[in-house]
Amino acid sequence: MSRLPPPYGSRIDRSRSLAFTFEGRRFEGHPGDTIASALAANGQWMLSRSFKYHRPRGAMSFAGTDANTLVQVGPEPNVAADLTPLEDGMEIAAQNVNGSLARDRDAVIGRFARFLPVGFYYRTFMGPTKDAWLKLWEPRIRAKAGLGVIGADAPDIAVDKATWHADVAVIGGGPAGIAAALEAARAGSDVVLIDDQPALGGHLAYTPEAGAVGELVAEVDGAADIRVLTDTICTGLFEDNWLALARRDRLIRLRAAEVVLATGCIEQPAIFHQNDLPGVLTAGGVRRLMHLYGVAPGRRAVVYAADPEGYRVAEELRAAGVEVAAIVDPAPGAAAPEGMRVVAGHIAAARGVSHVTGVEVGGEGIACDTLVVAAGEVPAWQLPAQAGAKLGYDDATGRFVLDLETPGVRLAGGLAGEGATPVGAPPMAPHPKGKDFIDFDEDLQVKDILNAVKEGYSELELVKRFSTVGMGPSQGRHSALATARLVAGATGRSVGEIGVTTARPPTAPETLGALAGPHHVAERRTALHREHLRLGAEMRPVGAWWRPYLYGSGDRSALIEAEVRAVRDGVGVLDVSTLGTLEVRGPDASAFLDRLYTMAHATQPVGKVRYCLMLNEMGTVIDDGVAYRLAEDRFYVTATTGAVPRVYADMAFWNAQWRLDVDVVNLTAGFAGFNITGPFARDVVAALDGDIDFSAEAFPYLTGRSGQVAGVPVHAMRIGFTGELSFELHCPASRAGDLWAAILAAGEPVGLKPYGLEASRILRLEKGHILIGQDTDALTSPEELGFGWAVSKKKPFFVGKRALEMRRRLGSTRKLAALTFAPDAELPGESCLVLRSGAPVGHVTSVAHSPTLGHGIALAFIHAEDAEEGRRVAIRARSGRMVEGTVVGHAFYDPQNERQML
Amino acid sequence: MSAVYPLSEAGAAGDLRDRLVAGADVALADLTPWPRFGLKGAGAEAWFADRVDLPEVNRVTEGAGLRVLRLGTRDIMVLSTDAEGSPVQPLRSAWEAAPQSYSSWREETWAWLRLTGPKATAVARRLTAFDLRAAAFGESDIAQTRFAHQDGVLLRTGDGFDVLFDIASTAKVVTDIRAAIDREEVFG
């Protein structure tokens, strides 16, 4: 272990050790280490192999800005080793390795680099045959794809999500960010301070002045109105300062009135032959290693000081006991630090195979095990760019500069240009031996960018697409400036004109868990949910609602058939509480319904129930139900279960448009409903204790009565879906239990049987009743359904009337028809096509075997000319065989409607 | 028999009663059975104005065992401040005796949960995107917003909140709120 003594290593706890493995070898680190710092402390610098040439790579910045630190930790791929805290027992492996990290068989690819020029993907993988990509190349590339493996047995990660609000969000917890947060808090603002590191301090934390951090942090801790989020990255800045703040296991959506961006600058690598070798470190990388983790970068270092910062780092290295073999300065000043050799020039090459062993400067070789690069920096432009900042370039400092005029977003610290020192642009000529990497993620060299320009891709966005520069995990943090300089030089434009490619969110990797929506499945229960379970119901979701599909266990077909027979021969009860129910009330209630529905309601007497058909403005049927007139100014209106939210929203919309004196309330969840149906239905309701007269004379078909039943207030309606004598009792949901119990008790002498949704579906189909949405689609008109009778010819207006008239003139080629099938015939499935002379003219919308009739029945759209009773239509069944259906009248069962009128 | 609500023993979500908690840091209670009464539509404003201190829209007034919620110009309801709700019943009786305006049926269509305790706000931040800071959402404010993936009416109550929402979704909402409480315990 090559640890420096305290005060180096401010983040690590030397009193404890953590054991972990890397590539099967056991190592130890300390709490506070990152994976990469712990490995460096053990002399393990190589972390991965590069994407294309499988070159050895290690951490360069220790700041998460380079891509070559991605490792596999257990089942999780692409973990940034230089950011991720070390944990006891971690099993870590290198990525993109064929064989072992030390002996990667694919490293040989690097020798063939000249045969793999920029853009070779686009040429090579297109041939040699037409389908070569799919058959030859893709399988091989997939087998080679090297960015880790997702473990199928990866444990679930709980990701916490919340929404916060603040007056001011400060992103970046360095000196500038802390100052901004404190100032805002002093002015009375509620502040959230966000930093991607485990502790505040920014670059101050890894300098000899780190002691000042403690005072700043103490001041932040003492400010009541500052919430601090460390280990958290702002991955996106969206409209109106909507910020995504991500930690591995947490996503906070923060809305801030003001945002201060203080994310500092990104150090840039220098461009020379073998600039990617492990042991080449940025100045900041060396400082982080020493000051935060107490790790000496090596024994003998060369410092490249294109940025004056290099001199300070050289002093710090010497103070830490690292020999400084030379400082290489492109433009040496007057005085060299005492005892240090300063060489004028640029680094031409690094020597070594898997680690730096020396450098070449002006033809001279200097032995070293560490090459420290201080080659300037660029502001972290990603979040400012998302906020609308314009990017320019300052020749004097060799930096990008940001110009942000977006209200509510400000730049501070390095982003605002503070601390910028002049750094000359380095020479950008390609090295004769190449391996002078511009983009470490994609193994792109100087000549690759220049060749892309030569190919004609002179615009930066095109260079990016052709060469893939900036597309890797580091997203151009280390390549954007060098690429801009190269393209500028090759096209005779300024660096500022070239700029950078669009910076989109996320600015840093996010876990899929943070992006995935939580598994929220809407669940609505009727008041009798648990009563149905007690009765043995098999519950199924119908939209958000859970409803009894059938009651009992065993042979389902037999159970469903028994439920159907109970209704046809005796009496059954269905929980219809999910049916949409609305109360429309006010002086203009009937006028409102007249405009909304196709039938006439102004003339509807109190106590009468009338069918309702709703169209949209295209004349398409979108819902149906009934309206029970409770009083001159009150209607109790039903809507289909699935459509009621839309019906209610439409009613609210039209009410606002028309400005009638009407109020609408959606009672769906608050009212329960039970349909008692079958030849003995009246026996059941008549036996209920109450003040409603259920006799045929007092309570005829399509009327409604309100009163008390079993002490429960009810609206009762004589309507039916099954074709049998039916009474539907609706009551407040809190009293549903009482009413249900009374109904079951009253029905016991006549064998009342609860039935489920599947029996209901068959019963209504036998009667030829449609289900909106099931037997209609986005174009279905009332005429196609044979519902001309439900459309008023007298009303001057209702929604869809105009469109209906226009569509009537155009005519329709299809019609919904009732079809029967021979008893032994194969039945087509829903959506099976109806064919006419081999061409599709419609489809099956509902189909079932009718227990009552003993054969198959269906509703289907067929050609309008075939819609005569007795005509035969051809349908292609799921098996592919053709089956024949015979057109019948509107109902399969009791077409004279005698039974429901009993 | 009396009214049965979802989180009653025999209610539709009675199997989830153990999701309610009475912790020191955070408590989740079901107030759905507590008395309340509301009118909506023509005449609602005039009827209530004669009887209670009527607030502005999206504001609450409180006094004499009642909280008066103005959900819209013509959408007003009163909540009892305790389980007995003695001041609510006379109002309801007066209306039933001489109905003006129309019942809003909130006592049937909405469930009523109360989330309180020092950590209630931290829990609620996981359930709504609404700005819950005191400066933005004061003691007399009403938020008609999304809460626990539902449309909901949110009120401040002491160190927490009352939320009124679709009664049929009680099982889902109580499960989601409890999950947020549990996450607060894990993540803080």
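The values are calculated or read from the model by the stated rules, or taken from the named source; none is laboratory data. Please read all numbers here as calculations on a predicted model, not as lab measurements. Because the Cβ atoms are built from the backbone with ideal geometry, glycine has one as well, and the counts that use them run over all protein chains shown. Surface accessibility is based on the protein's heavy atoms, side chains included, excluding ligands, DNA and RNA. Shrake-Rupley method; radii C 1.70, N 1.55, O 1.52, S 1.80 Å.
If you plug each phi of segment A:228-242 into the Karplus form 6.51 cos²θ - 1.76 cosθ + 1.60 with θ = phi - 60°, what whole-Hz ³J(HN,Hα) values come out, in order, with x for Gly and Pro?
After applying 6.51 cos²θ - 1.76 cosθ + 1.60, I find 9, 10, 9, 6, 10, 10, 7, 8, x, 10, 10, 3, 6, 6, 9 Hz.
Would you mind checking the tilt of helix B:170-187 against the longest principal axis of the Cα atoms of chain B, expressed as 0 to 90 degrees and rounded to 10?
40 degrees
On the protein heavy atoms, probe 1.4 angstrom, tell me the percent of accessible surface of the protein assembly as shown carried by carbon and sulfur. Numbers along the way, then the final one.
Working: 23630 of 44610 Å².
Summing carbon and sulfur atoms, their accessible area is 53 percent of the total for the protein assembly as shown.
What does the C-alpha gyration tensor say about the overall shape of segment B:34-106? Classify as rounded when a/c is under 1.5, otherwise prolate if a/b is larger than b/c, or oblate.
Values: a/c = 1.67, a/b = 1.12, b/c = 1.48.
Oblate shape, in that a/c is at least 1.5 and b/c is the bigger or equal ratio.
Can you give the alpha-carbon Rg of segment A:85-193 over 2.2 N^0.38 Å, where N counts its residues?
Numbers: Rg = 24.8 Å, N = 109, 2.2 N^0.38 = 13.1 Å.
Against the empirical 2.2 N^0.38 Å value, I get 1.89 for segment A:85-193.
Tell me, what is a quarter of the convex hull surface for the C-alpha atoms of segment A:291-342, in nm² with one decimal? Numbers along the way, then the final one.
Working: hull surface 14.0 nm².
Mean shadow area of the hull around the Cα atoms is 3.5 nm².
Pull up all non-local amide H partners of A:Arg250: gap of 5 or more, or a different chain, and H-to-H distance under 5 Å with H placed in the peptide plane.
HN-HN under 5 Å from A:Arg250: A:Asp160.
If I ignore ligands, DNA and RNA and count only protein heavy atoms, how much of A:Glu748 is accessible to a 1.4 Å probe, in Å² to the nearest 10?
Surface accessible to solvent at A:Glu748 totals approximately 140 Å².
Where the centre of each part is set by its Cα atoms, how far does segment A:237-299 sit from segment A:425-452, in angstrom?
24 Å
Treating each Cα of segment A:782-873 as an identical point scatterer and ignoring solvent, apply the Debye formula and state log10 I(q)/I(0) at q = 0.12, 0.24 Å⁻¹.
-0.47, -1.21
Could you derive backbone 3J(HN,Hα) for segment A:525-541 from the dihedral phi with the Karplus parameters 6.51, -1.76 and 1.60 (θ = phi - 60°), listing whole Hz in sequence and x where the residue is Gly or Pro?
For segment A:525-541, the Karplus-derived couplings read 10, 6, 4, 9, 3, 6, 5, 4, 4, 4, 7, x, 6, 8, 8, 9, x Hz, x marking Gly and Pro.
In µm²/s, what is D for the protein assembly as shown at 10 °C and 1.306 mPa s, where D = kT/(6 pi eta Rh) by Stokes-Einstein and Rh is the Kirkwood radius from Cα pairs? Before the final figure, lay out each step's value.
On the way: Rh = 34.8 Å.
Rounded to a whole number, D works out at 46 µm²/s.
Please give the calculated 222 nm ellipticity per residue for chain A, where each DSSP H segment of at least 4 residues contributes -39500 (n - 2.57) and the sum is spread over every residue; nearest 500 deg cm²/dmol? Write down the numbers at each step before the final one.
On the way: 22 runs with 186 residues, N = 902.
Value at 222 nm, helices only: -5500 deg cm²/dmol.
Which links in A:Lys390/B:Lys119; A:Lys767/A:Lys795; A:Lys815/B:Lys172; A:Lys144/A:Lys464; B:Lys40/B:Lys119 stretch past 32 Å when you go from one Cα to the other?
A:Lys390/B:Lys119; A:Lys815/B:Lys172; B:Lys40/B:Lys119
Which trypsin sites (Lys or Arg not before Pro) in segment A:807-902 sit in a loop by DSSP (not H, G, I, E or B) and have at most 14 other Cβ atoms within 10 Å of their own Cβ?
On the way: sites: A:Arg807, A:Arg808, A:Arg809, A:Arg814, A:Lys815, A:Arg836, A:Arg871, A:Arg872, A:Arg876, A:Arg878, A:Arg881, A:Arg899; in loops: A:Arg871, A:Arg878, A:Arg881, A:Arg899.
Filter output for segment A:807-902: A:Arg878, A:Arg881.
Across segment A:501-517, in residue order, what do the Karplus-derived ³J(HN,Hα) couplings come to in whole Hz, using 6.51 cos²θ - 1.76 cosθ + 1.60 with θ = phi - 60° and x for Gly and Pro?
Ordered by residue, 3J(HN,Hα) equals 6, 4, 9, 9, x, x, 7, 8, x, 10, 6, 4, x, 6, 7, 5, x Hz.
Looking only at segment A:12-102, where both bridge partners belong to it, what percent of the DSSP beta bridges are antiparallel (to the nearest 5)?
On the way: 15 of 17 bridges.
The answer is about 90 percent antiparallel.
Positive end of the dipole of segment A:79-123, charges at C-beta (+1 Lys, Arg; -1 Asp, Glu), about the Cα centre: which of A:Ala80, A:Gly110, A:Gly99 has its Cα farthest in that direction?
Looking along the dipole axis, the top candidate is A:Gly110.
Which residue, chosen from A:Gly408, A:Pro426, A:Thr491, occupies the Cα position most advanced towards the positive end of the dipole of segment A:344-501, where the dipole is computed from +1 (Lys, Arg) and -1 (Asp, Glu) charges on Cβ about the Cα centre?
Going by the Cα projections, it comes out as A:Thr491.
Rounded to the nearest 100 Å², what's the accessible area chains B and A bury against each other, both chains counted, probe 1.4 Å?
Details: alone 9160 and 38780 Å², together 44610 Å².
Protein heavy atoms only, the B-A interface buries about 3300 Å².
Taking the Cα centre of segment B:34-106 as the origin and placing charges on Cβ (Lys, Arg +1; Asp, Glu -1), which of B:Leu66, B:Gly43, B:Ala83 is farthest toward the positive end of the dipole?
Of the candidates, B:Gly43 comes out farthest on the positive side.
I'd like the Kirkwood hydrodynamic radius of segment A:525-593, using the inverse of the mean 1/r over distinct C-alpha pairs, in Å.
On the way: mean 1/r = 0.0693 Å⁻¹.
This gives a value of 14.4 Å.
Among DSSP bridges having both ends in segment A:518-628, what percentage is antiparallel? Round to the nearest 5. Kindly include the intermediate steps, with their values, before the conclusion.
On the way: 14 of 16 bridges.
Of all bridge pairs located within segment A:518-628, approximately 90 percent are antiparallel.
Stretched out fully, how many nm does the piece from A:Ser695 to A:Gln657 gain, at 0.36 nm a residue minus the Cα gap?
On the way: separation 38, 0.36 × 38 = 13.68 nm, distance 4.30 nm.
Here the segment from A:Ser695 to A:Gln657 would lengthen by 9.4 nm.
First check a/c for segment A:19-106, with a ≥ b ≥ c the square roots of the eigenvalues of its C-alpha gyration tensor; if it is under 1.5, answer rounded, and if not, answer prolate when a/b is larger than b/c or oblate otherwise.
Details: a/c = 1.71, a/b = 1.37, b/c = 1.25.
Prolate is the answer for segment A:19-106, as a/c is 1.5 or above and a/b outweighs b/c.
What share of all Cα pairs of segment A:406-519, in percent, falls into each consecutive 10 Å distance bin?
Taking every Cα pair in segment A:406-519, the percentages come to 12, 37, 29, 16, 5, 0.
For a quick check: with amide H placed at 1.01 Å from N, whose amide H comes under 5 Å from B:Arg59's, ignoring anything fewer than 5 positions away on the same chain?
Close amide H contacts, sequence-distant or interchain: B:Arg70, B:Ile142.
State to the nearest 20 debye the size of the charge dipole of segment A:411-486 about its Cα centre, where the only charges are +1 on K and R beta carbons and -1 on D and E beta carbons. Before the final figure, lay out each step's value.
Numbers: 8 positive and 10 negative charges, 39 e Å.
For segment A:411-486, the charge dipole is close to 180 debye.
For segment B:1-40, restrict the atom set to alpha-carbon positions and state the Rg and Dmax in Å.
Taking only Cα atoms of segment B:1-40, I get Rg and Dmax of 12.5, 38 Å.
Over 23 Å, how big is the tail of the calculated P(r) for segment A:109-266, in percent of all Cα pairs?
Details: 6883 of 12403 pairs.
The answer is 55 percent, as a whole percent.
Please work out the C-alpha center-to-center distance from segment A:594-608 to segment A:18-47 and express it in whole Å.
A separation of 79 Å, based on Cα centres.
Considering only DSSP beta bridges with both partners in the protein assembly as shown, what is the antiparallel share in %, to the nearest 5? Mind dumping the intermediate values first?
On the way: 165 of 210 bridges.
Close to 80 percent.
List the GluC sites (Glu not before Pro) within segment A:658-742 that DSSP assigns to loop and that have no more than 14 neighbouring Cβ atoms inside 10 Å.
Passing both the DSSP loop test and the Cβ count: A:Glu697.
Considering only protein heavy atoms, what per residue accessible area in square angstrom results for segment B:34-106 with a 1.4 angstrom probe? Write down the numbers at each step before the final one.
On the way: 3120 Å² over 73 residues.
With the other protein chains kept in place, segment B:34-106 gives 43 Å² per residue.
Find the accessible area per residue for segment A:164-283; the probe is 1.4 Å, ligands and nucleic acids are left out, and the unit is Å². Mind dumping the intermediate values first?
Working: 4180 Å² over 120 residues.
Heavy-atom SASA per residue in segment A:164-283 reads 35 Å².
Give, rounded to the nearest 20 debye, the magnitude of the charge dipole that the protein assembly as shown has about its Cα centre when Lys and Arg contribute +1 at Cβ and Asp and Glu contribute -1 at Cβ. Present the calculation step by step, with values, prior to reporting the outcome.
Values: 112 positive and 133 negative charges, 573 e Å.
The calculation lands at about 2760 debye.
What order, most packed first, do the peptides A:381-388, A:631-638, A:58-65, B:42-49 have when packing is the mean number of other Cβ atoms within 10 Å of each residue?
Most protected by this proxy first, the peptides run A:58-65, A:381-388, A:631-638, B:42-49.
Take the Cα gyration tensor of segment B:1-150, multiply each eigenvalue by 5, square-root it, and list the three semi-axes largest first, rounded to whole angstrom.
27, 21, 13
Taking amide H atoms as placed 1.01 Å from N in the peptide plane, list the residues 5 or more away in sequence, or in a different chain, whose amide H sits under 5 Å from that of A:Val342.
Close amide H contacts, sequence-distant or interchain: A:Ile327.
Mind checking which lysines have their Cα closer than 16 Å to the Cα of A:Lys793? Skip sequence neighbours fewer than 8 apart in that chain.
Excluding near neighbours in sequence, the set is A:Lys801.
As a test of the formula, what do you get for chain B when each DSSP H run with n ≥ 4 contributes -39,500 (n - 2.57) and the sum is divided by the residue count, at 222 nm and rounded to the nearest 500 deg cm²/dmol? All intermediate terms of the calculation are to be shown ahead of the outcome.
On the way: 5 runs with 43 residues, N = 188.
The helix-only estimate for chain B comes to -6500 deg cm²/dmol at 222 nm.
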